[in-house]
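Presented below is the structure to which this report refers.
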Amino acid sequence: MNGLGPAPEDRPPLVPPWAAGLASLFVPGLGQALARSMWRGVLIFCSMLSIAGMMVWRIGLLGHLQTTRGAMIRKAFELQPAFLLVVTLSFVASWLWNAWDAHLRAKVRRGSPAFFALVLFTFFALGWQISEIDPARLVTDFPQAMKPLGRVIWPWQAAVVREPIVSTAGASIRVPKAASGPAPDPVEAGKPHIVSSPSTGDLSVLDADNQLIPGTALSIAGTGFKPGEPVQLWWVDPLANAFQIRKGGTYLSVLPDAAGSFTVAVTMPYSIGPTAKGRDQPHRIEARQSVGLAPLRISEPLRLVVQRMLETIFMGMMATLFGIILSIPFSFLGARNIMAGSPLGMAIYYATRTVMNVVRAIEPLIWALIAVVWVGLGPFAGIVALTVHSVAALGKLYSEAIEGIDPGPIEAIQATGANRLQTIMYAVVPQMISPFVSFSIYRWDVNVRMSTVIGLVGGGGVGFILVQYIRLLDYRAAGIAVWFIAVTVAVLDYVSAEIRRRFQ
């Protein structure tokens, strides 16, 4: 009871219990409304309407190729019999239980909590099918994910590289065939050397039926190679395009003897390089042998990830700095206790709050897409996106902190005859320093985290190369990026927590 009379729930029902139950049997929630439980009735009506709408939607998707509604329902039950049976039974049970709930509300002034449990179960069943959850696939396909997952978890094999040291010797081949070929390369002490006999000939060609006509047979003799290590034979055309020679469907390689010598027969291969008649074409045949490994050096993925991670950190820092500077004016315009006192001030307050809420509701990823169209790919687009979102987020936090300050100092300053600006400077700002620093550091932490995400849409930072590595299925390089993201975020989280603790 209150001064205006009893609350709606305390008034007698508009209809007897049997009529309330019958009303909800025809229109879910109507009986509850007639029993003076209006919000309960609205909730029940919206829940049943949502379940019915989603069932119609899913049946339409499953039987979309059918021409009649009956055929659509039959096709849907053929494709998903268990799902539709469970949801249909749950829906019918919820409908009947809704009538019983209305009867109870009208009779004993309390409803059945089991009804909402049944509604939640129905929504869960719908969500299971809509989300296409497949536990069996989760288990059976797990072994397939182990290999890439293992590379992501432990990617450090790709963090450094040790390239092989290749010893190369070559011989020039004159094409087309001429009376004499070029002279052999000079012999250098301690270096491998090869000689081609003959040193001129014709390349393999394709006839009218695309059948290969073999080219000139060459005998390649090599000396000065490391014994027992395979030597690969490569062909280099006049445009410096190189490819390994094949023989019998496999790449051709030969093992030098104990003296480092070998002899092998080679057929001049088919090449799409220059073949102008009447001109010497300086093709070459090369013998390449790996004789050792170079010293370890940082790999290209590790170097790129470090560079992009630094870019990500500074993107978050710059966006936070710009966001702080731009959000301070909006924070005072969006504080009720500062803007109250005049219709114009309240109009500015509501307009500022509305703009900040709309901007803050749009995720930084969406702002990044807009910024990429605006300023192009790169970190600048990421900074623009994060700055826009930071202005709205920090403006809201700052304004709420201003509204929560102690009004005593404000009244004391105003009692001295201070104007609005002096009141803000000497009564509001001193109370804002601690929450200001705390919110600013927290926003920097958030911006660094978001910088790793907006790179996925071209906003720069480490996320940009992370998505490239994933698309290329280079899981070790992607794992390096993931590790750096995790470590950097953890370190920044600790640092920001320590800074906030010192200013509390």
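The table that follows gives values for the structure above.
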quantity: Top-ranked residue in the range 475-504 [being surrounded by fewer than 17 Cβ atoms within 10 Å (Cβ to Cβ) and modelled with pLDDT of 85 or more; ranked as farthest from TRP154 (Cα to Cα)]; calculated: VAL491
quantity: Test: residue in the range 147-157 that is surrounded by fewer than 12 Cβ atoms within 10 Å (Cβ to Cβ), under 30 Å from ALA93 (Cβ atoms) and not β-branched (Val, Ile, Thr); calculated: no
quantity: Pairs with Cβ under 6 Å, 6+ apart, first in the range 350-363 and in the same structural domain as LEU394 (by TED's automatic domain parsing), second of a type in the set (Phe, Trp, Tyr); calculated: THR352/PHE330
quantity: All helices (runs of 4 or more DSSP H) inside the range 349-461 with 2 or more residues being under 25 Å from the mean Cα position of the chain (by Cα) and under 26 Å from ARG501 (Cβ atoms); calculated: 379-403, 429-454
quantity: Single match in GLN32, GLN66 (criterion: of a type in the set (S, T, N, Q) and over 15 Å from LYS107 (Cα atoms)); calculated: GLN66
quantity: Test result for ALA35, among the aliphatic types (A, V, I, L, M), within 36 Å of the chain's Cα centre (by Cα) and at pLDDT 85 or above; calculated: no
quantity: Matching entry among VAL446, VAL437, VAL462, VAL428 (being within 30 Å of ALA158 (Cα to Cα) and either out of contact with any Lys or Arg (no Cβ under 9 Å at 6 or more places or on another chain) or surrounded by fewer than 19 Cβ atoms within 10 Å (Cβ to Cβ) (or both)); calculated: VAL446
quantity: In the range 48-89, the residues that are at pLDDT 90 or above, small (Gly, Ala, Ser) and surrounded by 14 or more Cβ atoms within 10 Å (Cβ to Cβ); calculated: SER50
quantity: Given (1) within 24 Å of the chain's Cα centre (by Cα); (2) β-branched (Val, Ile, Thr); (3) modelled with pLDDT under 85, index of the condition VAL108 fails; calculated: (1)
quantity: Verdict on LEU138 being modelled with pLDDT under 85 and not assigned by TED's automatic domain parsing to the domain that holds SER50; calculated: yes
quantity: Inter-residue pairs, beta-carbon under 9 Å, first in contact (Cβ under 8 Å) with a residue 24 or more places away in the chain and in the range 136-149, second part of a loop (DSSP other than H, G, I, E, B), 6+ apart; calculated: PRO148/LEU473
quantity: Close pairs from the range 190-217: first free of Cβ contacts under 8 Å to residues at least 12 places away in the same chain, partner small (Gly, Ala, Ser), Cβ under 8 Å, at least 6 apart; calculated: ILE213/SER204
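The values are calculated or read from the model by the stated rules, or taken from the named source; none is laboratory data. Owing to the predicted nature of the structure, the values given are computational and were not obtained by experimental measurement. Note that each Cβ is placed from the backbone with ideal geometry, even for glycine, and that neighbours are counted across all protein chains shown.
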